Amino acid sequence: MATDVAAPKAVTAAEFKGRVDPDWCPGCGDYGVLAAVQKALVELQIPNHQVATISGIGCSSNFPGFIETYGMHTLHGRSLAVATGFKMANHGMTVLVTGGDGDGFGIGGNHFMHTMRRNVDLTYLVMDNQIYGLTTGQTSPTSRLGMKTKSMPFGSVEGPINPISLALAAGATFVARGFSAEQKHLTELIKQAIEHKGFSFIDVFSPCVTYNKDNTFQWFRPRVKKLEENSGYDPSDWSTAMEKSLLWGDEIPIGKFFERTDVPTLHGSEPVLNQGPLVYQDNRIPPEIAKGFIDELM
Amino acid sequence: MRQSFAVGIGGAAGQGVATPGDIFAKVFSRRGLHLNAYNAYQSIIRGGHTFLTIRTGPEKITNMGDRLDLLIPLNQDTMDRHLHLLGAGGAVLYNSDSIKPGEHADGVQICPIPVSQLADISKNKVAQNTLAIGAALSMMGVGFPALEHVLAEQFRKKEQKVIDENVNLARAGYDYATQHFKPFAWPLPMTETKYAVLSGNAAMAMGGVAAGVKFYSAYPMSPSTGVLHWMAEHARKGNIMVRQVEDEIGVVNMAIGAAHAGVRAMCATSGGGFALMSEGLGLAAQAEIPIVVIDCQRAGPSTGVPTKTEQGDLWQMLGAAFGDYPRVIAAPLDIADCFKLIPEIFNVADKFQCPGIVLCDLLLSEGRLSVDPKELDFYPEIDRGELITSNGVEHEPYKRYKITESGVSPRVVPGLPGYTHTVSSDEHDEDGILISDEYTNTTKRRAMMEKRMRKMEGIEAAVPLPQLVGPANADVTLIGWGSTYGVIEEACEQLREAGISANYLPVRWLVPLHGDAILDLLKNAKHTIIVENNYSGQFARYLRSETSFVPNGYIRKYDGEPFMPHHIVEAVKEQLAGETNLSVPTHEIMV
């Protein structure tokens with residue numbers, strides 16, 4: 001199969017403009033995430049045809065339709081599984097996975113855990129609004145204890161999960177948290193995540209302006225503190241990252257909690273990929289191998 | 001009646017039933033004999049009862065047959081359970097130190113082996129097995145060198161001492177039998193052909209390799225695990241990626257991701273795992289990403305009987321995932337067909353960009369058959385369908401779901417400049433843009449639905465029609481699907497010998513069914529009977545729903561074990577005599 005034969009040209013923002021404009025509610029946090037992703041790809045000069053954007057289902061999972069790349073809008077909770085298969089078949093492409101907290105930590109929780117332990121070279125952006133939006137406002141796995149929603153009108157009696165600690169415990173090799181309103185900071189995180197060789201996870205506070213009246217932009221703004229502004233912070237120190245991940249309340253850290261670069265990626269550990277991406281390899285086996293398979297049965 | 005010889009070896013799980021089975025299979029196939037092996041076992045790692053039947057002969061052996069010629073019980077339990085199966089001319093070989101024979105039919109040769117006199121049992125715990133193999137081959141008229149050769153191969157990874165010890169034991173058993181037991185009346189013949197012996201699971205895995213599969217994903221589940229094992233052990237040599245995934249939901253979605261990236265992707269499971277995959281199947285259909293899923297049926301529902309066979313998943317396949325969508329479903333007829341079907345179904349799935357389902361079952365998956373190695377063609381035709389792989393030409397703006405007459409819209413391998421697009425599980429327009437949040441989309445929805453479903457016409461034309469086998473004016477016509485092919489074939493032969501002319505219709509492609517062609521084939525049939533391995537007659541109900549065809553009778557079995565030829569023969573006789581129109585044969589081997 002032939003690969004890219006187009007002459008290289010500078011990558012501009014125009015090529016990432018989606019065919020349709022997002023139909024998120026006015027003021028939704030997801031707009032900021034979309035803009036940051038587009039900006040990061042331009043700054044990294046990755047052409048749109050070398051990017052796959054893969055999502056599950058939900059408001060934020062409509063993301064692939066709003067950015068011009070090779071997009072996949074898959075099933076609720078299954079984006080990481082689909083993305084792993086895609087990356088294994090063509091590891092030459094940059095793979096972004098986008099979705100929400102319900103999609104990733106609820107129905108897709110199992111895949112989240114296993115994708116991290118496998119260190120699949122993907123960038124996973126969760127637009128975390130602590131609520132189910134597209135189903136019109138039910139409790140999500142990150143909704144705070146006591147939060148009142150249509151599905152738990154008397155307040156949630158279940159504590160939320162902590163995506164950052166969970167990712168650290170599951171062996172993610174790049175763990176960060178962003179805030180949709182902190183554009184420049186978020187863009188920088190996304191760039192680092194894409195460049196990270198291995199699984200990179202960014203939990204992005206992306207407030208739902210329609211259904212979540214608790215965790216709003218106004219609520220987050222005074223609370224978020226950038227880890228980078230803390231001069232002594234060392235993102236290679238897992239224990240400190242774990243400690244910082246537990247902070248919640250008046251001070252909520254954002255930024256890169258943790259990164260390690262000494263773990264091989266899944267595709268890097270696969271000898272069958274030594275000859276390049278699977279999709280460009282010959283789909284016929286050599287006759288001596290075929291003969292060997294038959295001889296074994298004789 | 002075709003000449004054949006059947007050996008039954010039984011014992012507790014962990015007593016080493018498999019090794020003698022492998023050795024007999026090698027000796028037979030290298031003698032140029034056909035063979036069929038079926039292992040009846042339970043979901044237990046140690047203990048219980050395992051009973052392996054190997055049937056061999058110079059003509060094609062398509063099933064386990066009706067009778068045993070030689071019984072090798074490795075424990076008393078096996079002796080007690082199965083001695084009654086032997087008839088005149090049969091023989092039982094056993095360790096007389098620990099096992100006692102019971103009541104038996106006249107003419108059965110009782111062959112005690114004094115194991116402790118012939119071997120040092122303190123050193124070799126499975127000495128009785130090796131002695132019995134040697135004794136058995138002597139009685140079958142097979143020269144010792146053939147066994148010596150296979151033993152050396154069987155233990156090639158062990159040191160020479162182990163090989164010598166086993167060869168000496170086998171020799172002792174061989175000589176003891178030559179001196180003390182009467183050889184079988186029918187010494188095993190020899191032919192010039194050499195056969196490959198393989199399971200259906202290995203055959204499907206290799207068929208995948210032949211089809212150009214580059215990505216295989218799975219979660220262990222009996223009886224499909226053999227496909228994973230074969231792939232895990234061999235695929236790397238062919239540069240094929242194998243992934244063990246956290247659950248079957250992940251399995252199918254990973255395969256879909258790989259398939260969308262442009263490779264052929266396959267996965268295998270059993271009914272329970274398939275249930276978890278259903279939603280993914282819908283995604284493959286809606287996003288138009290071709291994948292092939294193998295379902296190795298076992299007795300259900302739920303966890304059911306994990307180590308027993310059944311054809312009970314048909315309606316799950318027909319109804320898998322909600323909504324209407326094009327799909328193909330095919331059931332391999334025998335183990336060689338397990339190999340051949342995979343490249344065929346991939347070509348259909350690729351051309352029509354839809355999921356393909358292979359409906360296998362434990363009988364084929366875990367059974368073993370002799371196959372002429374020429375039938376294992378690793379270079380069949382590969383047709384990827386309309387796939388855009390190169391760039392550099394001017395083209396109109398690319399529409400992934402372009403409305404076409406055939407319903408097929410050319411796919412592109414992601415990575416090409418100028419063809420970016422989004423595939424979607426939501427309903428979409430030609431461009432891949434979601435239409436679920438638009439005001440007026442009934443026209444687009446209808447057009448897209450009709451585009452996808454139009455593919456069924458092409459699929460129907462691409463898939464071969466079913467064929468009736470045997471004389472046109474037969475007294476009885478047996479209709480089966482998938483794995484019952486072999487046993488029905490032999491039952492027809494036995495019916496003919498009993499003066500009842502019989503023909504049969506083996507159905508291999510279930511979707512598309514070609515209902516009109518089936519009606520045409522059956523229009524002059526005198527007496528039709530549908531044979532299947534399930535309770536409710538799933539195929540009979542399906543055929544009726546598609547064609548309004550109602551047969552004269554039914555033969556069903558749902559005890560976990562496969563049909564034996566005489567089950568079908570006796571059922572046909574009672575139905576032709578007007579005694580019943582539903583026969584449920586009793587399985588007489590207690591396993």
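Scan the stretch A:190-210 for residues that are closer than 20 Å to residue A:119 by Cβ and either open to solvent by 20 Å² or more (accessible area, probe 1.4 Å) or aliphatic (A, V, I, L, M) (or both) and jot them down.
Going residue by residue through the stretch A:190-210, those that are closer than 20 Å to residue A:119 by Cβ are A:190-203.
Correct list: A:190, A:191, A:192, A:193, A:194, A:195, A:197, A:202.
Restricting to helices (runs of 4 or more DSSP H) lying wholly in the stretch A:211-298: which have 1 or more residues that are within 14 Å of another protein chain (Cβ to nearest Cβ) and on the phi < 0 side of the Ramachandran plot?
Details: elements: A:217-220, A:238-245, A:287-295.
Correct list: A:287-295.
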Checking the condition part of a helix (DSSP H, G or I) and free of Cβ contacts under 8 Å to residues at least 60 places away in the same chain, which residue from B:171, B:243 passes? B:171
Residue A:95 fails exactly one of the following numbered conditions: (1) in contact (Cβ under 8 Å) with a residue 40 or more places away in the chain; (2) within 7 Å of chain B (Cβ to nearest Cβ); (3) part of a strand (DSSP E or B). What is the number of that condition? (2)
Neighbours by Cβ (under 9 Å, 6+ apart or cross-chain): first from the stretch B:437-462, within 14 Å of chain A (Cβ to nearest Cβ); second part of a helix (DSSP H, G or I) and not aromatic (Phe, Trp, Tyr): B:437/A:62; B:438/B:444
Just to be sure I understand, how many residues within the stretch B:184-197 are in contact with a Leu (Cβ under 7 Å, 6 or more places away or on another chain) and within 10 Å of chain A (Cβ to nearest Cβ)? 2
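Quick one: count up the residues across the stretch B:27-60 that are outside any strand (DSSP E or B) and either buried (at least 21 other Cβ atoms within 10 Å of the Cβ) or not assigned by TED's automatic domain parsing to the domain that holds residue B:163 (or both). Before the answer, list the steps.
First, the residues of the stretch B:27-60 that are outside any strand (DSSP E or B): B:27-33, B:41-46, B:58-60.
Filter again for either buried (at least 21 other Cβ atoms within 10 Å of the Cβ) or not assigned by TED's automatic domain parsing to the domain that holds residue B:163 (or both), leaving B:27-29, B:31, B:33.
Of the residues in the stretch B:27-60, 5 are outside any strand (DSSP E or B) and either buried (at least 21 other Cβ atoms within 10 Å of the Cβ) or not assigned by TED's automatic domain parsing to the domain that holds residue B:163 (or both).
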Please verify whether residue B:372 is within 37 Å of the chain's Cα centre (by Cα), within 10 Å of chain A (Cβ to nearest Cβ) and acidic (Asp, Glu), treating the condition exactly as stated. no
Where the second residue is of a type in the set (S, T, N, Q) and the first is within 11 Å of another protein chain (Cβ to nearest Cβ) and lies in the stretch B:198-226, which pairs have Cβ atoms under 7 Å and are six or more apart or on separate chains? B:199/B:365; B:212/A:283; B:214/A:281; B:214/A:283
Looking across the stretch A:38-64 at residues that are open to solvent by 10 Å² or more (accessible area, probe 1.4 Å), aliphatic (A, V, I, L, M) and touching a residue at least 40 places away in the same chain (Cβ under 8 Å), the single one that is nearest to the other protein chains (Cβ to nearest Cβ) is A:57
Please enumerate the residues belonging to the stretch B:387-417 that are under 16 Å from residue B:262 (Cβ atoms), within 13 Å of chain A (Cβ to nearest Cβ) and in a loop (DSSP other than H, G, I, E, B). B:389, B:390, B:391, B:398, B:400, B:413, B:414, B:415, B:416, B:417
Of the conditions (1) within 15 Å of the chain's Cα centre (by Cα); (2) part of a loop (DSSP other than H, G, I, E, B); (3) at the interface with another protein chain (Cβ under 8 Å from one of its Cβ atoms), residue A:76 fails just one. Which one is it? (3)
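Of everything in the stretch A:212-227, what is within 23 Å of residue A:34 (Cβ to Cβ) and either in contact with a His (Cβ under 7 Å, 6 or more places away or on another chain) or open to solvent by 80 Å² or more (accessible area, probe 1.4 Å) (or both)? Give them in sequence order. Even if it seems obvious, please write down each step before you answer.
Our first condition is that a residue be within 23 Å of residue A:34 (Cβ to Cβ); within the stretch A:212-227, this holds for A:212, A:215-221, A:224, A:226.
A:218, A:221, A:226, listed by residue number.
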Got a sec? Which of A:217, A:258 is in contact (Cβ under 8 Å) with a residue 12 or more places away in the chain and in contact with a strand residue (DSSP E or B) (Cβ under 8 Å, 6 or more places away or on another chain)? A:258
So which residues in the stretch B:308-331 are under 25 Å from residue B:559 (Cβ atoms), assigned to a loop (DSSP other than H, G, I, E, B) and open to solvent by less than 10 Å² (accessible area, probe 1.4 Å)? B:309, B:311, B:331
Failed item, numbered, when residue B:366 is tested on (1) closer than 30 Å to residue B:305 by Cα; (2) without any contact (Cβ under 8 Å) to a residue 60 or more places away in the chain: (2)
Checked the stretch A:102-130 for anything among the acidic types (Asp, Glu), open to solvent by less than 10 Å² (accessible area, probe 1.4 Å) and not in a helix (DSSP H, G or I); matches are A:128
Within the stretch B:564-591, count every residue that is open to solvent by 60 Å² or more (accessible area, probe 1.4 Å), modelled with pLDDT of 95 or more and either within 24 Å of the chain's Cα centre (by Cα) or of a type in the set (Lys, Arg) (or both). 3
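For every residue, the table says whether it meets (1) modelled with pLDDT of 95 or more; (2) farther than 16 Å from residue A:124 by Cα; (3) out of contact with any helix residue (DSSP H, G or I) (no Cβ under 7 Å at 6 or more places or on another chain).
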site	(1), (2), (3)
A:154	yes, yes, yes
A:170	yes, no, no
A:188	yes, no, yes
A:207	yes, yes, no
A:211	yes, yes, yes
A:226	yes, yes, no
A:251	yes, yes, yes
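Do the conditions hold for residue B:542, that is, is it hydroxyl-bearing (Ser, Thr, Tyr), under 20 Å from residue B:311 (Cα atoms) and part of a helix (DSSP H, G or I)? Before the answer, list the steps.
Working: hydroxyl-bearing (Ser, Thr, Tyr): yes; under 20 Å from residue B:311 (Cα atoms): yes; part of a helix (DSSP H, G or I): yes.
The answer is yes for residue B:542.
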Restricting attention to the stretch B:103-123, which residues are open to solvent by less than 20 Å² (accessible area, probe 1.4 Å) and under 38 Å from the mean Cα position of the chain (by Cα)? B:108, B:111, B:113, B:115
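The values are calculated or read from the model by the stated rules, or taken from the named source; none is laboratory data. Predicted model only: the values in this text are computed from it and were never measured. Because the Cβ atoms are built from the backbone with ideal geometry, glycine has one as well, and the counts that use them run over all protein chains shown. Keep in mind that these areas ignore ligands, DNA and RNA; they rest on the heavy atoms of the full protein, side chains included. Shrake-Rupley method; radii C 1.70, N 1.55, O 1.52, S 1.80 Å.
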